[in-house]
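The values are calculated or read from the model by the stated rules, or taken from the named source; none is laboratory data. From a predicted model like this one, the values you see are computed outputs, not experimental measurements. A quick note on method: Cβ atoms are made from the backbone with ideal geometry, for glycine too, and the neighbour counts reach across all protein chains shown.
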Amino acid sequence: MDYQGLLERVCHETEAFRGKGKVADYIPALGRVDPGRFGIALATVDGSLYTTGDVDKPFSIQSISKVFTLALALKQEGDQVWKRVGKEPSGHPFNSLAQLEVEQGVPRNPFINGGALVITDILLDHLPRPLEEILGFIRELAGSDSIISDEEVALSEEEKGDRNAALAHFMKSFGNIRHGVDDVLKLYFSHCAITMDCISLARAFLFLADGGRHPVTGEQVLTSSLTKRLNSLMMTSGLYNESGEFAYRVGLPSKSGVGGGIVSILPGHFSLALWGPELNACGNSLRGIEALDLFTTYSGLSVF
Ligand code: GLU
């Protein structure tokens, strides 16, 4: 497969989508990013790397961090996690409060904000220095020491964090948040504020393309069974309330973030990370989705 030619082609053919989306500005620090950035990095399980565009510019990974925190929680608690978080697509925006009342404080899945807050609460039980350990986990997977949590972004989100605070308090009233709400929110904002470039992200997700074993470090990060489960959740819930449309168009387990990143996995083959900060109405990278649609359409490579 000519991955390099394919990446360049989809990058070129999606240029017309520049200016069609809107950078997230409900977190003010994210609103300052250059909207025209775009890059794609593809890392294969046999060690090759293909890139095009802005692949070495760190950006805010936001909800993509929820895959790392879920992986850590699954390592700690395995299937126990599902007593407190569901596995169903929500069909609602990522920060919606609507379902939580009806569903007794148990969020639909670990990738909407409510679910990710519960996962963060679980990590507070197990990790004595949680942010350092989350960062250490990601740095090792990515093979890069330079990955940080951007304090300015975390503080900016905290300042405008009323909705996440509401979610956390509401779940606490059902007993599904066990630590202090402020501690949970602080860690949640800090892991969402982690910045990485496309190359590091593609490398860090490679274990999900190789049955849970990181092909570079050789470490079995997750069992193959938990890896299957995590990829399945990305397939059904990784793109908020656009997960069905995205599965229809792209057909790869993927996770997006409001920083404009999307990471996609083709088990047995590759991990692909892209960044395009202009978002569509669901909070997903507008050009990124167009590029992934073309990528799987031209290559015929998807899980289907
Ligand atoms: N930190 C963001 C929030 O809580 C994450 C949103 C996202 O990327 O989906 O709103």
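Of note:
- Taken over the stretch 211-235, the criterion of being within 16 Å of the ligand (Cβ to nearest atom) and over 26 Å from residue 189 (Cβ atoms) is satisfied by no residue.
- Restricting the stretch 211-226 to residues that are of a type in the set (A, V, I, L, M) and not in a helix (DSSP H, G or I) leaves a set whose member that is surrounded by the fewest Cβ atoms within 10 Å (Cβ to Cβ) is 216.
- Per the listing 23, 45, the residue uniquely among the β-branched types (Val, Ile, Thr) and farther than 16 Å from residue 262 by Cα is 45.
- Scan of the stretch 35-70 for residues that are outside any loop (DSSP other than H, G, I, E, B) and within 16 Å of the ligand (Cβ to nearest atom), ordered by number: 59, 60, 62, 63, 64, 65, 66, 67, 68, 69, 70
- Residue match in the stretch 78-93 (condition: in a loop (DSSP other than H, G, I, E, B), farther than 20 Å from residue 203 by Cα, of a type in the set (Gly, Ala, Ser) and at pLDDT below 95): yes
- Contact map, the stretch 75-94: first residue surrounded by fewer than 14 Cβ atoms within 10 Å (Cβ to Cβ), second residue part of a loop (DSSP other than H, G, I, E, B), Cβ cut-off under 6 Å, separation 6 or more or different chains; pairs are 88/108.
- Of everything listed in (1) more than 14 Å from the ligand (Cβ to nearest atom); (2) free of Cβ contacts under 8 Å to residues at least 40 places away in the same chain; (3) surrounded by 15 or more Cβ atoms within 10 Å (Cβ to Cβ), the single unmet condition for residue 98 is (3).
- From 208, 167, 201, 185, residue being under 20 Å from the mean Cα position of the chain (by Cα), within 15 Å of the ligand (Cβ to nearest atom), in a helix (DSSP H, G or I) and within 21 Å of residue 272 (Cβ to Cβ): 201
- When 115, 105 are checked against the criterion of being modelled with pLDDT of 95 or more, more than 17 Å from residue 69 (Cα to Cα) and surrounded by 15 or more Cβ atoms within 10 Å (Cβ to Cβ), a single residue qualifies: 105.
- Cross-chain or 6+ apart pairs with Cβ under 7 Å, the stretch 257-283 first and in a strand (DSSP E or B), then among the aromatic types (Phe, Trp, Tyr) and away from the ligand (no atom under 15 Å from the Cβ): 263/205; 265/205; 271/205; 273/205; 275/38
- Exclusive hit being closer than 28 Å to residue 106 by Cβ, modelled with pLDDT under 95 and not hydroxyl-bearing (Ser, Thr, Tyr), set 241, 231, 164: 241
- Qualifying positions in the stretch 7-23 - surrounded by fewer than 20 Cβ atoms within 10 Å (Cβ to Cβ) and either charged (D, E, K, R) or within 16 Å of the ligand (Cβ to nearest atom) (or both): 8, 9, 13, 15, 18, 20, 22, 23
- For the stretch 268-282, residues that are farther than 13 Å from residue 17 by Cβ, among the small types (Gly, Ala, Ser) and buried (at least 24 other Cβ atoms within 10 Å of the Cβ) total 2.
- Enumeration of residues in the stretch 94-123 that are closer than 19 Å to residue 192 by Cα and in a helix (DSSP H, G or I): 113, 114, 115, 116, 117, 118, 119, 120, 121, 122, 123
- Of the residues making up the stretch 130-164, those that are over 19 Å from residue 258 (Cβ atoms) and assigned to a helix (DSSP H, G or I) are 130, 131, 132, 133, 135, 136, 137, 139, 140, 141, 142.
- Among (1) farther than 30 Å from residue 33 by Cα; (2) within 16 Å of the ligand (Cβ to nearest atom), the one test that residue 195 misses: (1)
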